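Data block below; observations after.
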Amino acid sequence: MTGKTILIVEDDANLLDVLRHNLVREGYSVVTARDGEAGLAAARIQKPDLLLLDIMLPRLHGLEVCRILRKETAVPILMLTAKAEEIDKVVGLEMGAVDYVTKPFSLRELLARIKAMLRRAEVMREESARLAGSAHGTIRVGDLEIDLDRHVVRRDEEEVALSPKEFDLLTFLAQNPRRAFSRDYLLERVWGYEYGGDTRTVDVHVRWLRQKIEEDAAHPAMLLTVRGVGYKLEV
(Lines give C-alpha, C1' and ligand atoms only; values in the text may rest on other atoms or scores of the structure.)
Protein backbone atom coordinates (compact mmCIF):
# COMPACT_ATOMS: atom_id res chain seq x y z
CA MET A 1 0.00 0.00 0.00
CA THR A 2 1.26 3.46 -0.82
CA GLY A 3 -0.35 5.22 2.12
CA LYS A 4 -1.04 8.22 -0.14
CA THR A 5 -4.42 9.89 -0.53
CA ILE A 6 -5.61 11.19 -3.89
CA LEU A 7 -8.61 13.48 -4.31
CA ILE A 8 -10.40 13.20 -7.66
CA VAL A 9 -12.66 16.09 -8.64
CA GLU A 10 -14.50 15.02 -11.78
CA ASP A 11 -18.15 15.44 -12.80
CA ASP A 12 -18.18 12.55 -15.31
CA ALA A 13 -19.49 9.67 -13.18
CA ASN A 14 -18.14 6.93 -15.46
CA LEU A 15 -14.65 8.40 -15.63
CA LEU A 16 -14.70 9.03 -11.89
CA ASP A 17 -15.51 5.37 -11.21
CA VAL A 18 -12.77 4.16 -13.56
CA LEU A 19 -10.18 6.42 -11.95
CA ARG A 20 -11.24 5.51 -8.43
CA HIS A 21 -11.18 1.78 -9.18
CA ASN A 22 -7.72 1.84 -10.73
CA LEU A 23 -6.18 4.10 -8.10
CA VAL A 24 -7.52 1.94 -5.28
CA ARG A 25 -6.11 -1.10 -7.08
CA GLU A 26 -2.73 0.66 -7.14
CA GLY A 27 -2.90 1.02 -3.36
CA TYR A 28 -4.01 4.65 -3.00
CA SER A 29 -6.70 5.93 -0.69
CA VAL A 30 -9.19 7.82 -2.85
CA VAL A 31 -11.57 10.67 -2.05
CA THR A 32 -13.96 11.97 -4.72
CA ALA A 33 -16.07 15.02 -5.49
CA ARG A 34 -18.41 15.77 -8.41
CA ASP A 35 -18.24 19.59 -8.52
CA GLY A 36 -15.79 22.40 -7.83
CA GLU A 37 -17.24 23.56 -4.52
CA ALA A 38 -17.33 20.03 -3.11
CA GLY A 39 -13.80 19.46 -4.38
CA LEU A 40 -12.51 22.60 -2.70
CA ALA A 41 -14.13 21.60 0.59
CA ALA A 42 -12.77 18.05 0.35
CA ALA A 43 -9.24 19.32 -0.34
CA ARG A 44 -9.37 21.54 2.73
CA ILE A 45 -10.70 18.78 4.99
CA GLN A 46 -8.90 15.70 3.66
CA LYS A 47 -5.56 17.36 2.83
CA PRO A 48 -4.73 14.86 0.06
CA ASP A 49 -1.23 14.09 -1.18
CA LEU A 50 -2.29 14.79 -4.75
CA LEU A 51 -5.30 16.29 -6.52
CA LEU A 52 -6.72 15.13 -9.86
CA LEU A 53 -8.76 18.12 -10.97
CA ASP A 54 -11.03 18.41 -14.00
CA ILE A 55 -11.17 21.87 -15.57
CA MET A 56 -14.81 21.94 -16.67
CA LEU A 57 -16.69 21.51 -13.40
CA PRO A 58 -20.16 22.61 -12.25
CA ARG A 59 -20.62 25.16 -9.43
CA LEU A 60 -16.96 26.25 -9.40
CA HIS A 61 -14.60 26.10 -12.38
CA GLY A 62 -11.57 23.84 -12.03
CA LEU A 63 -9.14 26.68 -12.71
CA GLU A 64 -10.71 28.69 -9.89
CA VAL A 65 -10.40 25.71 -7.55
CA CYS A 66 -6.74 25.47 -8.53
CA ARG A 67 -6.17 29.19 -7.99
CA ILE A 68 -7.74 29.15 -4.53
CA LEU A 69 -5.95 26.03 -3.36
CA ARG A 70 -2.57 27.19 -4.59
CA LYS A 71 -2.79 30.12 -2.15
CA GLU A 72 -3.49 27.72 0.70
CA THR A 73 -1.42 24.62 0.02
CA ALA A 74 1.42 23.20 -2.06
CA VAL A 75 -0.48 19.97 -2.87
CA PRO A 76 0.51 18.69 -6.35
CA ILE A 77 -2.34 19.33 -8.80
CA LEU A 78 -2.72 17.30 -12.00
CA MET A 79 -5.37 18.85 -14.22
CA LEU A 80 -7.66 16.83 -16.46
CA THR A 81 -8.85 18.75 -19.48
CA ALA A 82 -10.86 17.91 -22.57
CA LYS A 83 -9.42 20.99 -24.26
CA ALA A 84 -6.31 20.58 -26.38
CA GLU A 85 -5.66 24.28 -27.03
CA GLU A 86 -2.30 25.55 -25.82
CA ILE A 87 -3.87 28.46 -23.93
CA ASP A 88 -5.82 26.13 -21.62
CA LYS A 89 -2.67 24.27 -20.66
CA VAL A 90 -0.76 27.47 -20.00
CA VAL A 91 -3.58 28.93 -17.91
CA GLY A 92 -3.63 25.77 -15.82
CA LEU A 93 0.09 26.10 -15.15
CA GLU A 94 -0.33 29.79 -14.36
CA MET A 95 -2.97 28.93 -11.79
CA GLY A 96 -0.53 26.63 -10.05
CA ALA A 97 -1.08 23.18 -11.56
CA VAL A 98 2.03 21.01 -11.69
CA ASP A 99 1.03 19.00 -14.76
CA TYR A 100 -1.94 18.21 -17.00
CA VAL A 101 -3.32 15.46 -19.20
CA THR A 102 -5.70 15.95 -22.10
CA LYS A 103 -8.75 13.70 -22.47
CA PRO A 104 -8.88 11.06 -23.76
CA PHE A 105 -5.72 9.90 -22.02
CA SER A 106 -3.91 6.63 -21.44
CA LEU A 107 -4.59 5.23 -17.97
CA ARG A 108 -1.06 3.86 -17.87
CA GLU A 109 0.36 7.32 -18.63
CA LEU A 110 -1.85 8.90 -15.97
CA LEU A 111 -0.71 6.42 -13.32
CA ALA A 112 2.92 6.99 -14.28
CA ARG A 113 2.51 10.75 -13.95
CA ILE A 114 0.83 10.38 -10.57
CA LYS A 115 3.69 8.23 -9.28
CA ALA A 116 6.24 10.70 -10.64
CA MET A 117 4.48 13.69 -9.08
CA LEU A 118 4.21 11.99 -5.69
CA ARG A 119 7.87 11.01 -5.87
CA ARG A 120 8.85 14.59 -6.70
CA ALA A 121 6.73 15.91 -3.85
CA GLU A 122 8.45 13.54 -1.42
CA VAL A 123 11.88 14.58 -2.67
CA MET A 124 10.93 18.23 -2.23
CA ARG A 125 9.65 17.65 1.31
CA GLU A 126 12.92 15.96 2.23
CA GLU A 127 14.90 18.76 0.63
CA SER A 128 12.82 21.40 2.40
CA ALA A 129 13.37 19.64 5.72
CA ARG A 130 17.10 19.49 5.06
CA LEU A 131 17.26 23.16 4.14
CA ALA A 132 15.13 24.10 7.12
CA GLY A 133 17.81 22.65 9.32
CA SER A 134 20.65 24.46 7.58
CA ALA A 135 19.27 27.61 5.98
CA HIS A 136 18.97 30.42 8.45
CA GLY A 137 19.32 34.15 8.47
CA THR A 138 18.56 36.73 5.84
CA ILE A 139 19.54 37.28 2.23
CA ARG A 140 19.38 40.83 0.85
CA VAL A 141 18.76 41.39 -2.83
CA GLY A 142 18.47 45.05 -3.76
CA ASP A 143 15.71 46.42 -1.56
CA LEU A 144 14.38 42.93 -0.82
CA GLU A 145 14.99 41.02 2.39
CA ILE A 146 14.55 37.25 2.20
CA ASP A 147 13.93 35.87 5.70
CA LEU A 148 14.87 32.20 5.52
CA ASP A 149 13.72 31.45 9.06
CA ARG A 150 10.21 32.88 8.67
CA HIS A 151 9.93 32.02 4.97
CA VAL A 152 8.89 35.54 4.02
CA VAL A 153 10.15 38.34 1.75
CA ARG A 154 9.95 42.00 2.71
CA ARG A 155 10.50 45.32 0.99
CA ASP A 156 10.90 48.32 3.28
CA GLU A 157 9.42 46.29 6.16
CA GLU A 158 6.36 45.44 4.06
CA GLU A 159 5.82 41.76 3.31
CA VAL A 160 5.77 40.75 -0.36
CA ALA A 161 3.15 38.03 -0.84
CA LEU A 162 4.82 35.08 -2.59
CA SER A 163 3.58 31.56 -3.15
CA PRO A 164 5.74 28.77 -1.66
CA LYS A 165 7.23 27.96 -5.06
CA GLU A 166 7.90 31.61 -5.87
CA PHE A 167 9.75 31.88 -2.55
CA ASP A 168 11.76 28.73 -3.32
CA LEU A 169 12.72 29.99 -6.77
CA LEU A 170 13.75 33.43 -5.50
CA THR A 171 15.73 31.91 -2.63
CA PHE A 172 17.59 29.48 -4.88
CA LEU A 173 18.58 32.25 -7.30
CA ALA A 174 19.52 34.58 -4.43
CA GLN A 175 21.75 31.88 -2.94
CA ASN A 176 23.50 31.64 -6.32
CA PRO A 177 23.72 35.29 -7.43
CA ARG A 178 24.77 36.21 -10.96
CA ARG A 179 24.78 32.55 -12.01
CA ALA A 180 22.61 31.66 -14.99
CA PHE A 181 20.57 28.47 -14.73
CA SER A 182 18.70 26.64 -17.45
CA ARG A 183 14.97 26.02 -17.12
CA ASP A 184 15.58 22.26 -16.90
CA TYR A 185 18.06 22.74 -14.07
CA LEU A 186 15.63 24.98 -12.19
CA LEU A 187 12.88 22.38 -12.65
CA GLU A 188 15.19 19.80 -11.11
CA ARG A 189 16.46 21.89 -8.20
CA VAL A 190 13.39 23.99 -7.32
CA TRP A 191 10.52 21.73 -8.41
CA GLY A 192 12.25 18.40 -7.85
CA TYR A 193 11.69 17.07 -11.37
CA GLU A 194 13.83 14.03 -12.04
CA TYR A 195 13.27 14.15 -15.78
CA GLY A 196 11.94 16.54 -18.38
CA GLY A 197 9.03 18.55 -17.04
CA ASP A 198 7.27 21.42 -18.76
CA THR A 199 9.76 24.31 -18.80
CA ARG A 200 6.89 26.77 -19.17
CA THR A 201 6.30 26.19 -15.46
CA VAL A 202 9.55 28.07 -14.85
CA ASP A 203 8.63 30.86 -17.26
CA VAL A 204 5.25 31.33 -15.60
CA HIS A 205 6.75 31.57 -12.11
CA VAL A 206 9.46 33.95 -13.31
CA ARG A 207 6.76 36.20 -14.76
CA TRP A 208 4.78 36.11 -11.51
CA LEU A 209 7.91 36.81 -9.49
CA ARG A 210 8.88 39.77 -11.65
CA GLN A 211 5.44 41.28 -11.16
CA LYS A 212 6.02 41.17 -7.41
CA ILE A 213 9.67 42.11 -6.98
CA GLU A 214 10.57 44.33 -9.93
CA GLU A 215 9.88 48.05 -10.18
CA ASP A 216 9.02 47.49 -13.84
CA ALA A 217 8.19 43.87 -14.64
CA ALA A 218 8.40 44.57 -18.37
CA HIS A 219 12.00 45.78 -17.96
CA PRO A 220 13.42 43.70 -15.10
CA ALA A 221 16.58 44.83 -13.33
CA MET A 222 17.04 41.87 -10.96
CA LEU A 223 15.51 38.68 -12.36
CA LEU A 224 17.08 38.57 -15.80
CA THR A 225 16.70 36.37 -18.85
CA VAL A 226 19.98 35.04 -20.21
CA ARG A 227 19.38 34.38 -23.87
CA GLY A 228 20.02 30.78 -24.85
CA VAL A 229 20.52 29.75 -21.21
CA GLY A 230 17.74 30.61 -18.78
CA TYR A 231 17.57 32.97 -15.83
CA LYS A 232 19.79 34.62 -13.23
CA LEU A 233 19.42 37.04 -10.33
CA GLU A 234 21.49 40.21 -10.36
CA VAL A 235 22.33 41.61 -6.92
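Data overview
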read-out: Formal net charge of residues neighbouring Leu170 (Cβ-Cβ distance under 11 Å; K, R +1; D, E -1); value: +1
read-out: Residue with peak Gaussian network fluctuation, the chain [Cα springs, cutoff 10 Å], from Ala42, Ala74, Ala13; value: Ala13
read-out: 1.4 Å probe accessible area per residue over the chain, in Å²; value: 51
read-out: The chain, relative contact order in percent, only Cα pairs under 8 angstrom and at least six apart counted; value: 13
read-out: Dimensions in Å of the chain - Rg and Dmax from alpha carbons; value: 18.5, 54
read-out: Folded to 0 to 90 degrees: helix 13-25 orientation relative to the chain principal axis, Cα; value: 80
read-out: Computed helical MRE - 222 nm, the chain, DSSP H runs ≥ 4 contributing -39500 (n - 2.57), nearest 500; value: -13500 deg cm²/dmol
read-out: Backbone HN-Hα couplings from phi across the range 173-182 [Karplus 6.51/-1.76/1.60, Hz, Gly and Pro as x]; value: 5, 5, 7, 10, x, 6, 9, 8, 10, 6
read-out: Sum of side-chain charges, Tyr28 neighbourhood, beta-carbon under 11 Å (Lys, Arg +1; Asp, Glu -1); value: +2
read-out: Check: the chain dipole with +1 on Lys, Arg Cβ and -1 on Asp, Glu Cβ, in debye; value: 580
read-out: For Lys103, distant residues with modelled amide H under 5 Å away; value: Thr81, Ala82, Lys83
read-out: Under Karplus coefficients 6.51, -1.76 and 1.60, residue-wise ³J(HN,Hα) of the range 142-151 in Hz, glycine/proline x; value: x, 9, 9, 10, 9, 8, 6, 6, 9, 6
read-out: Cβ-derived FRET efficiency at R0 35 Å, Asn14 paired with Gln211, nearest 0.05; value: 0.25
read-out: Candidates Glu188, Glu37, Glu159, ranked by Gaussian network fluctuation over the chain, Cα under 10 Å, top entry; value: Glu159
read-out: Per-residue ³J(HN,Hα) for the range 106-115, Karplus 6.51 cos²θ - 1.76 cosθ + 1.60, θ = phi - 60°, Hz, x for Gly and Pro; value: 7, 4, 4, 5, 4, 5, 5, 5, 4, 4
read-out: Percent carbon-and-sulfur accessible area, the chain, ignoring ligands, DNA and RNA, probe 1.4 Å; value: 50
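The values are calculated or read from the model by the stated rules, or taken from the named source; none is laboratory data. Model, not experiment: these values are computed from the prediction. Neighbour counts run over all protein chains shown; Cβ positions are idealised from the backbone, glycine included. Ligands, DNA and RNA are stripped out before the accessible areas are found, and what is left, the full protein with its side chains, is counted by its heavy atoms. Shrake-Rupley method; radii C 1.70, N 1.55, O 1.52, S 1.80 Å.
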